[in-house]
Amino acid sequence: MVQRKIKLGIFFPQSNFWMGGTNYYISLISSLKLIKDLNFKFYIFCGKDNQEIVKRIVSNKKNVISS
């Protein structure tokens with residue numbers, strides 16, 4: 001059986017006015033970091049204003065893509 005690589009893209013909220021959503025995404029990303037499966041990789045898309053927040057919670061900075 002051929003195993004496919006799972007790639008997940010997450011769009012981090014741009015607005016700092018939705019703190020509940022920001023906290024939700026921080027928890028989601030923290031949980032995804034616990035997955036040790038080699039066939040799973042995730043990427044986070046964020047704006048430059050949230051880039052530092054995201055980089056603090058993600059250990060692999062290559063997973064963060066800012067625009």
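The values are calculated or read from the model by the stated rules, or taken from the named source; none is laboratory data. No experiment lies behind these values; they were computed from the predicted model shown. In this analysis, Cβ positions are derived from the backbone assuming ideal geometry, glycine residues included, and neighbour counts consider all displayed protein chains. Quick note on the areas: whole protein, heavy atoms, side chains included, nothing else; ligands and nucleic acids left out. Shrake-Rupley method; radii C 1.70, N 1.55, O 1.52, S 1.80 Å.
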(request) For residues that are within 8 Å of the chain's Cα centre (by Cα) and open to solvent by 40 Å² or more (accessible area, probe 1.4 Å), scanning just the stretch 29-61, find the one that is nearest to Lys5 (Cα to Cα). (result) Tyr43
(request) Please enumerate the residues belonging to the stretch 1-34 that are among the β-branched types (Val, Ile, Thr), part of a helix (DSSP H, G or I) and modelled with pLDDT of 85 or more. (result) Ile26, Ile29
(message) Let me spell it out: the conditions are (1) modelled with pLDDT of 85 or more; (2) surrounded by 10 or more Cβ atoms within 10 Å (Cβ to Cβ), and Val64 meets all of them except one. Which number is the exception?
(response) (1)
(request) Hey, can you tell me all the residues within the stretch 26-44 that are more than 16 Å from Ile57 (Cα to Cα) and not charged (D, E, K, R)? (result) Leu38, Asn39, Phe40
(request) Search the stretch 20-38 for residues that are hydrophobic (A, V, I, L, M, F, W, C) and pair each with any residue that is in a helix (DSSP H, G or I) when their beta-carbon atoms are under 6 Å apart and the residues are at least 6 apart or on different chains. (result) Ile26/Ile57; Ile29/Ile57
(request) Within the stretch 10-25, track down each residue that is within 14 Å of Asn63 (Cα to Cα) and surrounded by 15 or more Cβ atoms within 10 Å (Cβ to Cβ). (result) Ile10, Phe12
